[in-house]
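Data block below; observations after.
The values are calculated or read from the model by the stated rules, or taken from the named source; none is laboratory data. Bear in mind the structure is a predicted one, so any value in this text is a computation, not a measurement. Here Cβ is always computed from backbone atoms with ideal geometry, including for glycine, and neighbour counts include all displayed protein chains. Side chains included, ligands, DNA and RNA excluded: accessible areas come from the protein's heavy atoms. Shrake-Rupley method; radii C 1.70, N 1.55, O 1.52, S 1.80 Å.
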Amino acid sequence: MSDDIFPVSEALKQSSYADNQRYLSLYQQSIDDPDGFWGEQAKRLSWSKPFSKVRNARFTPGDISIKWFEDGELNACVNCVDRHAKATPDKVAIIWEGDDPTQDKKITYAELLEQVSRLANVMREQGVQKGDRVIIYMPMIPEAAYSMLACARIGAVHSVIFGGFSPNAIADRVIDSKAKMILTADVGHRGGNLIQLKQNVDKALERDGTDSVEKVLVLKEAGNDNPWSKGRDLCWQDELAKASAECAAEAMNAEDPLFILYTSGSTGTPKGVVHSTGGYLLYAALTHHYVFDYHEGDIYWCAADVGWITGHSYIVYGPLANGATTLIFEGVPTYPDVRRIGQVVDKHQVNILYTAPTAIRALMAKGDLPAQDSTRSSLRILGSVGEPINPEAWHWYHDKIGNKQCPIMDTWWQTETGGVMITPLPGATDLKPGSATRPFFGIQPALLDADGNTLEGAVDGNLVICQSWPGQMRTVWGDHERFEQTYFSTYKNYYFTGDGARRDDDGYFWITGRVDDVLNVSGHRLGTAEIESSLVAHPAVAEAAVVGYPHDIKGQGIYVYLLPTDGTEITEELTKQVRQWVKDDISPIAAPDLIQWTHGLPKTRSGKIMRRILRKIAANEYEQLGDTSTLADPSVVDALIDNRKNR
Ligand code: 6R9
């Protein structure tokens, strides 16, 4: 923990929506009178039918139920598009910056409305109805946002799949969500590489159980000749040209699901996190407004992917609900080279930049180069999300990208929370590098010990949230019991985040990372169980144990211990093959960084793998292995250590 303090600048104190006094008073109000606070805030959305009740939520064991604005009606697309297309039709809604630096375009709110309406009509004509699920597997192009908004317009529940996921991962999500339609493109571009999206979809749909999918709408980006499944595949451009540019929006109940987003947990397969229409949209909009102090005319850039929750809430829904100009970037910060971020900032005069520590560390490794050939003088506010930002990376981001002029909003939140939960506000919060600082309006965090006792004062503990907030996930798709089990069974009457945190004397929170078996690799969440089950499906692998270990750029790397099947000859070729296997099965982001073959894993007498020990060995911390007396065969530990040391 560093003692550096970066006070709020006078300029931001004056110009921002909330100085410290206002933060404190709004926060207090949001806790003392949540119904009054959120009822008032909900006026920033347009409701086709007003709500009479604000909040109806309980974390009661066996009866978890979360509802906000439950008798109100609204449409998320109307809120993000129509009302701005009416008020400011020529305002730029989306700036698109291609992977190729010579490619960009601007889409006004009026154009956005037209594109979204045409697409929504195509989907309706193809039989998609309110409540049906639609999978979106797209590159980072404006059509990805059109797809989400078009679903919202007709009340279809979208599920975006990150373009880096493999056919198997797509098939899993199709099967779980029983999706009726897939929106995709023939290819995507990323860092100068082509990604064969349509081919991946074709392969996914070969799997048994995927026949809920009736239609695949394919945007022809490259115009290449993919195999075409007649009767199933439709050409995006052809269909949109035929469709009407006007499309009536469906009236949705505030509690109708807006989308499902699959995310990894500590056990089992990824689960479908369900977000609501009213509460989610309000929470995304309000956090975007305050955390980034978004003012009319600002150019705002969140450099995430729409395949993750950050892209949902802070590329699409939050900014567009606020009528902002949001920049969609197709590429990566290191292509064509590490100066790209600065160059994009200058080119589009970006005022607010939101990115992830892993990107910052990758650039930081190149010293001053990323800051060359750009001034970045348009920037006012920086943001960070996805994992703890180490003070070194914080300082580099602050000094080199922000020219020491811009405060960094270190935002802690999760797929499940819908929006930012613990964060500074630009005009209100003195910063400490590495701390996410204080709770957002309506959020009551607490720290508990292992037995569920509430800890007071400056202390380390497990982070829980005491009361519902509008952006909270409502359920796990098709499995409400799993929702309850995962988030509400560890500590009764609290939402358990899975994260550990420390609170300091000033009441600031410092997130210390996951306390469960979830890895955070380059800001991507991966379950150890998911990777293990992929590994043991390989014929050469009898048993697998996956742990995280400290990694300079990724934050955490993936360390794999493998027990070979009898008679398997361990070769470098085999190790390579196993790595490729996981890439193909899940995604390149799940590829093991280090693989250690072993003839035994440390297990308790009851057969449980002791991951605590494996984590220590992976981290090269042999002195602090803790109690090994419960091991069935303590000698395997020495063998593992010898092997690790020789690497
Ligand atoms: C938004 C997002 C959630 C997990 C979360 C925590 C980690 C996110 C963080 C952070 C420290 C931050 N995390 N932001 N840790 N400081 N500012 O990333 O959602 O992909 O679901 O990941 O990421 O461990 O529990 P998601």
Is there a residue in the range 555-564 that is open to solvent by 30 Å² or more (accessible area, probe 1.4 Å) and within 11 Å of the ligand (Cβ to nearest atom)? yes
Go through (1) away from the ligand (no atom under 15 Å from the Cβ); (2) open to solvent by 50 Å² or more (accessible area, probe 1.4 Å) and name the single condition Pro388 misses. (1)
Being within 22 Å of Asp305 (Cβ to Cβ) and touching a residue at least 24 places away in the same chain (Cβ under 8 Å) is the requirement here; does Trp510 meet it? no
Looking only at the range 518-531, count how many residues are surrounded by 20 or more Cβ atoms within 10 Å (Cβ to Cβ) and away from the ligand (no atom under 12 Å from the Cβ). 3
Report the residue count in the range 365-391 for those that are free of Cβ contacts under 8 Å to residues at least 40 places away in the same chain and either in a strand (DSSP E or B) or on the phi > 0 side of the Ramachandran plot (or both). 5
Which numbered condition in (1) assigned to a strand (DSSP E or B); (2) without any contact (Cβ under 8 Å) to a residue 40 or more places away in the chain is the only one that Ile135 fails? (2)
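Residues are listed down the side, and each one gets a yes or a no for (1) more than 20 Å from His189 (Cα to Cα); (2) open to solvent by 10 Å² or more (accessible area, probe 1.4 Å); (3) of a type in the set (A, V, I, L, M):
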site	(1), (2), (3)
Tyr283	yes, no, no
His289	yes, yes, no
Phe292	yes, no, no
His295	yes, yes, no
Phe329	no, yes, no
Please tell me if Pro270 is surrounded by fewer than 16 Cβ atoms within 10 Å (Cβ to Cβ), modelled with pLDDT under 95 and touching a helix residue (DSSP H, G or I) at 6+ places or on another chain (Cβ under 8 Å). no
Name the residues in the range 93-132 that are part of a helix (DSSP H, G or I), open to solvent by 30 Å² or more (accessible area, probe 1.4 Å) and within 16 Å of Lys242 (Cβ to Cβ), would you? Glu114, Gln115, Arg118, Arg124, Glu125
Are any residues in the range 291-312 over 19 Å from Trp477 (Cα atoms) and within 16 Å of the ligand (Cβ to nearest atom), and if so, which ones? Val291, Phe292, Cys302, Ala303, Ala304, Asp305, Val306, Thr310, Gly311
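Conditions tested, residue by residue: (1) touching a strand residue (DSSP E or B) at 6+ places or on another chain (Cβ under 8 Å); (2) over 17 Å from His288 (Cβ atoms).
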{"residue": "Gly402", "(1), (2)": "yes, yes"}
{"residue": "Gln414", "(1), (2)": "yes, no"}
{"residue": "Ile422", "(1), (2)": "yes, no"}
{"residue": "Gly427", "(1), (2)": "no, no"}
{"residue": "Ala446", "(1), (2)": "yes, yes"}
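Among the residues of the range 158-179, are any more than 26 Å from Glu530 (Cβ to Cβ) and either at pLDDT below 95 or within 17 Å of the chain's Cα centre (by Cα) (or both)?
Within the range 158-179, not a single residue is more than 26 Å from Glu530 (Cβ to Cβ) and either at pLDDT below 95 or within 17 Å of the chain's Cα centre (by Cα) (or both).
Could we say that Ala150 is in a helix (DSSP H, G or I), surrounded by 20 or more Cβ atoms within 10 Å (Cβ to Cβ) and without any contact (Cβ under 8 Å) to a residue 40 or more places away in the chain here?
Answer is no for this residue.
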Listing of strands (runs of 3 or more DSSP E) fully contained in the range 392-489 that carry 3 or more residues being within 13 Å of the ligand (Cβ to nearest atom): 408-411, 459-465
